[in-house]
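Please read the structure below before turning to the comments.
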Amino acid sequence: MKTTRLGISVIFCAAAFLCSLGAAQAYPGQGTTQSERDYCMANAGDCLAADDAKNWATGVAEWRYQNNPRSLHNGVGDAFRHCIWAGAIAQRIGADRAATILSIHENKDDNPLDEWLMDTANNETGVRLGVESNSKGGGDTWGWIMNRCGALADGGKLRTLR
């Protein structure tokens, strides 16, 4: 029992630390909002999972679209990143909690409507794929999500602004 409490305390402290520093960013260049920090204080494990998924998604998108870095903002690379990020979160913590985190992240005062619509659509696709990956079983569910989002991106099926 002490191990469980200690583990929860460590997770809570880690999330609180990340949030207090603003280090748990949705993606490079954007800090957390107060709503995100509040959610993380109450749901530390979810935020750590989302941050881990964010780091993975950002790295994969930057690698995949290294020859087209402009696409990483409002283009196909951005859409792909949102899809795999949302899918990875949903695979780890479930659709409802993933949708909550993603909604809190996108609902910022300075988020332009067209970007909100794009990101939200791609997040919804990713969440659906994350749930589907869990139902398929197997080991490399993030790889499956990455491949499915990649096929959608390559086929022009993810929402972009350019």
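The portion of the accessible surface of segment 19-162 made up by carbon and sulfur, rounded to a whole percent, is 49 (1.4 Å probe; DNA, RNA and ligands excluded). Highest-first packing order for the peptide set 127-136, 80-89, 49-58 is 80-89, 49-58, 127-136, based on the mean count of other beta carbon atoms within 10 Å. Taking every protein chain into account, the accessible area of segment 44-162 amounts to 47 square angstrom per residue (probe 1.4 Å). Between Leu117 and Gln34, the modelled label-to-label distance comes to 3.0 nm, taking each label 7 Å out from Cα in the direction of the beta carbon.
Taking only the Cα atoms of segment 24-162, the ratio Rg/Rh comes out at 0.94, with Rh defined as the Kirkwood radius.
The values are calculated or read from the model by the stated rules, or taken from the named source; none is laboratory data. This one's a predicted model, so the numbers in the text were calculated from it and none came from an experiment. Cβ coordinates were reconstructed from backbone atoms using ideal geometry, including for glycine residues, and neighbour counts include every protein chain displayed. Protein only, heavy atoms only, side chains kept; ligands, DNA and RNA dropped before computing areas. Shrake-Rupley method; radii C 1.70, N 1.55, O 1.52, S 1.80 Å.
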